[in-house]
1. Would segment 74-82 turn up any residue that is among the charged types (D, E, K, R) and touching a strand residue (DSSP E or B) at 6+ places or on another chain (Cβ under 6 Å)?
2. Counting just the residues of segment 63-73 that are under 16 Å from the mean Cα position of the chain (by Cα) and not hydroxyl-bearing (Ser, Thr, Tyr), which one comes out farthest from Pro24 (Cα to Cα)?
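The values are calculated or read from the model by the stated rules, or taken from the named source; none is laboratory data. If you're wondering where the values come from, they're calculated on a predicted model, not measured in any experiment. Cβ coordinates were reconstructed from backbone atoms using ideal geometry, including for glycine residues, and neighbour counts include every protein chain displayed.
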Amino acid sequence: MLGLEEVRRHTSGRGSQLVFLKAPGSDVEIEICKFDDSGPVMVGPDLTHLAFEVDDIEEFAKRTAAKGYPLSDGPHPNGRGGAIAFIDAPEGYEIELIQRGADR
C-alpha cells in the first residue's frame, strides 16, 4: 500500500523474523520485527500511529480504497498547502499520510 520495497528478509539468531523495507529513491530502511515468543504487542499510551509522506493524498486514497483500505479520516488541509489523512492498518493501528505543501 505504501509503495515500500522489500530489501531483505531473514531470521535472526534468536528467532525473530526480520523484514527490511525502503521507499523508492531512498537509502533509509525501516525494519519490521516479529518475535512470537515475546507475546502480544502492547502499544503504550504515547504511541498512537506511524506517519508516512505521500506525494498526492487523493491519488494514494484512490489506490488504497481500491484494495480495501479507504481513508478513515481526512484528508484535512494543513493550512500550508499540504494535507494529512489517516488509514487504519489491518491490526487496528492508524497510519498517518502527510502530503507536504509547496512551502515545505
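1. Going through segment 74-82, the residues among the charged types (D, E, K, R) turn out to be 80.
If we keep only those that are touching a strand residue (DSSP E or B) at 6+ places or on another chain (Cβ under 6 Å) too, we end up with none.
Within segment 74-82 (the criterion being among the charged types (D, E, K, R) and touching a strand residue (DSSP E or B) at 6+ places or on another chain (Cβ under 6 Å)), the answer is no, since none of the residues qualifies.
2. Keep residues of segment 63-73 that are under 16 Å from the mean Cα position of the chain (by Cα), which gives 63-65, 67-73.
Now restrict to residues that are not hydroxyl-bearing (Ser, Thr, Tyr): 63, 65, 67-68, 70-71, 73.
Values: Arg63: 17, Ala65: 22, Lys67: 21, Gly68: 23, Pro70: 23, Leu71: 23, Asp73: 26 Å.
Here the answer is Asp73.
Okay, residues lined up against (1) assigned to a helix (DSSP H, G or I); (2) on the phi < 0 side of the Ramachandran plot; (3) modelled with pLDDT under 80:
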{"site": "Arg9", "(1), (2), (3)": "no, yes, no"}
{"site": "Val19", "(1), (2), (3)": "no, yes, no"}
{"site": "Asp27", "(1), (2), (3)": "no, yes, no"}
{"site": "Ile32", "(1), (2), (3)": "no, yes, no"}
{"site": "Asp37", "(1), (2), (3)": "yes, yes, yes"}
{"site": "Pro45", "(1), (2), (3)": "no, yes, yes"}
{"site": "Ala51", "(1), (2), (3)": "no, yes, no"}
{"site": "Gly74", "(1), (2), (3)": "no, no, no"}
{"site": "Arg80", "(1), (2), (3)": "no, yes, yes"}
